[in-house]
1. ³J(HN,Hα) across region 266-271 via Karplus (A = 6.51, B = -1.76, C = 1.60, θ = phi - 60°), whole Hz, x for Gly/Pro?
2. Probe 1.4 Å, all protein chains in place: accessible area of Leu282 in Å², nearest 10?
3. With +1 on each Lys and Arg Cβ and -1 on each Asp and Glu Cβ, how big is the dipole of region 144-283 about its Cα centre, in debye rounded to the nearest 20?
4. In region 157-314, with Lys and Arg counted as +1 and Asp and Glu as -1 at Cβ, which of these residues, Ala258, Ser213, Ile199, has the Cα nearest the positive end of the dipole, that is, farthest along it?
5. Using the Cα centre of the chain as origin and beta-carbon charges of +1 (Lys, Arg) and -1 (Asp, Glu), tell me which of Ala353, Gly342, Ser308 is placed farthest towards the positive end of the dipole.
6. Find the Rg to Rh ratio for region 122-273, where Rh is the Kirkwood radius over alpha-carbon pairs and Rg uses the same atoms.
7. Just the Cα atoms of region 214-320: what Rg and Dmax do they give in Å?
8. List every residue whose amide H lies under 5 Å from the amide H of Arg62, counting only residues 5 or more places away in sequence or on a different chain, with H placed 1.01 Å from N in the peptide plane.
Amino acid sequence: MKKGIYDTDKLRKQFIDIYGEEPRLFRSPGRINIIGEHTDYNDGFVLPAAINQAAYVAATPRNDQQIRLYSVSFNEHFSCTTDTLERRGGAWTDYVLGVADQLLKKNYPIAGFNLLIDGDIVIGAGLSSSAAVECCVLYALDDLFQLGLEKMELATLSQMAEHEFAGVKCGIMDQFASVFGKTEHAVKLDCRSLAFEYIPLDLKEYTILLLNSNVKHSLADSEYNTRRLQCEQGVQWVAAEEPDIRSMRDVTLQQLNAYVQPKDELIYRRCKYVIEENERLLQACSDLSGGNMEGLGRQLFGSHRGLSEDYEVSCPELDWLVNFVKNKPAVMGARMMGGGFGGCTINLVRKNAAAALVEEAATLYKTTYGLDLEAYAVETADGTSGINS
């Protein structure tokens, strides 16, 4: 259930075998989001933490404009030049070359480079492997070419790479968590101002256990866009009566009841979820700071109820996983994590009960859905960095 330590020496040797020179090594972590789902594009709060699963890069600069790449995971070589960057429709190279594209557009002095990429983040589980790759590559290029980028630039340039090259209009949370992560802390991020603070994440006798449903329903992308539009409609209706309103972040439940509920019950429920999720997040931060695991657990269960019933981005498999743990004394709280319609649930579980819980859940889940259930006990980690070899 628990992952081993990644072998960076093996990565270094693979690079030498391919490129014939000693590389510099870098890492950038994936992330979990403890609470605060679908709040980022509504100018709200999120509470991510970097985890001990990461993207790893070995790289060297070149004296020409050639870019030579190799992915261990996909066992694929790729070559191009700095003036012939090629999009490949969601291929792994898009997340590498998108970063180079951003630097070139902003006239940073980079040349070609040799790069090998690997990682131990589970792909497709909602742990933001793409953001980890972008941040890791950008940090590597910053180091190789002495660009002097600030941490905030690492996060925002990586986000723009995903927007413009990979074609995914993600929020800032994933890249921010990857760059700014801190061991034994979560990051409370204000998605409007990008102000942030570290919240101590002392879980004591508990562990964060991810249960991977191993499903990804095709609704995910289209419904994500629909939710954004529904929230924007709710904001427009309130702003028509209250001109100071800029986003759902500014809207109160009283305003929602007065200006949105009479017009459209569905949009009302979508907006209500966002307002209540921000409130749950602020309470969760207070619970964490006070060491109140029971209180934190209640917020997690409340978040899932809102995501499933009001925002309607869950699915039968995720609901089953949350309902399965709901009355287990060893589980303080659980919810679906990520955009929805598949991926993982995040569970706050007593360490000494985690293995038995996973075994029981996996057996029943297989019987119910015919799917294997994967489990990962994750720990917090520091953000993007170089590795001293």
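The values are calculated or read from the model by the stated rules, or taken from the named source; none is laboratory data. Note that the structure is a prediction, hence the values are computed from the model and not measured. Counting neighbours? That spans all protein chains shown, and the Cβs are built from the backbone with ideal geometry, glycine included. Ligands, DNA and RNA are stripped out before the accessible areas are found, and what is left, the full protein with its side chains, is counted by its heavy atoms. Shrake-Rupley method; radii C 1.70, N 1.55, O 1.52, S 1.80 Å.
1. These are the phi-based 3J(HN,Hα) values: 5, 5, 4, 5, 4, 5 Hz.
2. Approximately 80 Å² for this residue.
3. Numbers: 16 positive and 22 negative charges, 45 e Å.
The dipole of region 144-283 has a size of about 220 debye.
4. Going by the Cα projections, it comes out as Ser213.
5. Farthest towards the positive pole: Ala353.
6. Values: Rg = 19.0 Å, Rh = 18.4 Å.
On the Cα set of region 122-273, Rg over Rh gives 1.03.
7. 15.3, 45
8. Gly112, Phe113, Asn114
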